[in-house]
Every structure is written in structure tokens, then in C-alpha cells.
1. Which value at 222 nm does the chain reach when only helices count, each DSSP H run of 4 or more adding -39,500 (n - 2.57), with the total divided by all residues and rounded to the nearest 500 deg cm²/dmol?
2. Once you list every other residue whose beta carbon is under 11 Å from the beta carbon of Q171, what net charge do they have if Lys and Arg are +1 and Asp and Glu are -1?
3. Determine the equivalent ellipsoid of region 127-167 by diagonalising the alpha-carbon gyration tensor, then write out the semi-axes as square roots of 5 times the eigenvalues, largest first, rounded to whole Å.
4. If D38, D65, D209, D223 are ordered by their accessible area, calculated over protein heavy atoms with a 1.4 Å probe, which sequence runs from highest to lowest?
5. Could you estimate the translational diffusion coefficient of region 85-240 from the Stokes-Einstein equation, with Rh from the Kirkwood formula over C-alpha pairs, at 10 °C and 1.306 mPa s, in whole µm²/s?
6. Please sort 82-92, 127-137 by packing, taking for each peptide the average over its residues of neighbouring beta carbons within 10 angstrom, highest first.
7. Give the percent of DSSP beta bridges with both residues in the chain that are antiparallel, rounded to the nearest 5.
Amino acid sequence: MAEAAELHAETNSQQGAATAALRQTMVERQLRTFDVTDLPLLRRFLTVPREIFLPHDLAPLAYSDLALRLENEHGRPGRTLLPPLVLARLLQDAGVRETDRVLDIAGGTFYSSALLSPLAREIVALEDDARLTATARSYLQFIGAANVRVETGPLAAGVPAAAPFDVIIVQGAVEAGLDRLFEQLTPDGRLLAIAKAEPDSGWAVTRFDRSGGAPAGARALFDASAPVLEGFEKAPGFVF
């Protein structure tokens, strides 16, 4: 029995060393080459094991540069997780500070919130799939992210009872439907999502800032694409 326990501990140690090496490779070959330079954020990517936030069939792809698709509660394709390099740049450009309250939307099992946990004062994580939120709570508890609260509800509605937020992060594409989220920002807050800063522009991670409570325009930061999130679709126009 003791020998089996020792073998199990040795196996876990070997697996831990292997995934640590994969995280190092991800940071050096993906994140740093994509202009992610924020050292506290890079340390989080080196520390937090992404594979524990994924189902077993996706765990081998944890440190790839792919967007990964989770199944929803009915077994159909559901939430798309942003590739680590896109997520890292998005989080870096959000400029999260230790005093900030963050609303993290559509993060699936919320690896993103685990990354931000020690970098922000408080994080509210919002998903619309009850199975995902239950899973996220267990993963975040395991990782020790005590300042993250997970909520279930319509994505575009935000969490007005917990507002205001200094930062709102939307992990997907939006065509419309940001009004209620803007209302939940602090007077000088910022919102980041994959959007089109101008009608004729391409999809990009876009930052929307408020200044003194008024919109201060949208800035496209870098090209990125993702599925349009439910509740953020543009209303169909009339066809003549």
C-alpha cells in the first residue's frame, strides 16, 4: 500500500513537472511573441494549470494556441474559450489593478478569473449555463480563488446587483447589446470585447472607455475573432 502511494505521488510529481514545462513554453513561444509583457500577468500564466479548467478530452490541448469549444448542458457545442495568447493580450489591455472590481463574462469554466484572482480586488464571473457555473465554482475553489464569485444569468444583462465594476471583460464577439453593461461601469471604467470599432472594420479586441460617466469612444487593439455571444447579436434588418 505504501509503495502504491509513493508511486502515485511520483506520477503526480512527474505530471506536474510536465505541465509546468508546457506552461513555460506557452508563455515564451505564444504570449511573449504576441507582445504580452506584463510580468505579474505572465507569472499567473506560468502558475495556474489551465488543464484543470478543461474536460479530460480537451486537457491535452490546454497549452495549444487553439480556441477550444466546450459542450453545453445538452451535449451540443457550447462556449468557445479564447486561445491563451488572445486571452493574455485582452487581460493585459484591460489594465486590471489590485483595487479593481471586475465582471468577467462568458469565460466558460473561468480559467480567466483564476488568472486575475490575485491581480484584482474582486471578480464576478457570469455564465448563462448552470452546468458551466457549477463546474467553474468547483474549479475556482480548488485553485483557491476566494475573491471570485460565479453567477448564472443572461450575459447581456450583466450583474447589476453587484455593480459598479471598474472593468468588464466579454470573452466573445459582440454586435450590439452592450448598453446594460455600460451602465454597470464606474464613471471611468472600461469594457473589452471582440467587436468592430467601426461598421466597416474587421473584428478586433476593442476597448470601450468611459470618462466622467460618458462614453469616450472605442479603440481597436488587435485583430481577433470568436463566435458572437448570445444576447449580443445585431437585430436583423428589413429585407426589401
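The values are calculated or read from the model by the stated rules, or taken from the named source; none is laboratory data. Everything numeric in this text was worked out from a predicted model, so none of it was measured. Here the Cβ positions follow ideal geometry from the backbone for every residue, glycine too, while neighbour counts run over all protein chains shown. The area values use the complete protein model at the heavy-atom level, side chains included, leaving out ligands, DNA and RNA. Shrake-Rupley method; radii C 1.70, N 1.55, O 1.52, S 1.80 Å.
1. -9000 deg cm²/dmol
2. So the environment of Q171 carries a net charge of -1.
3. Working from the Cα gyration tensor, I get semi-axes of 19, 15, 6 Å.
4. Most to least solvent-accessible, the answer reads D223, D65, D38, D209.
5. 102
6. The densest-packed peptide leads the list: 82-92, 127-137.
7. If we restrict to bridges inside the chain, about 45 percent are antiparallel.
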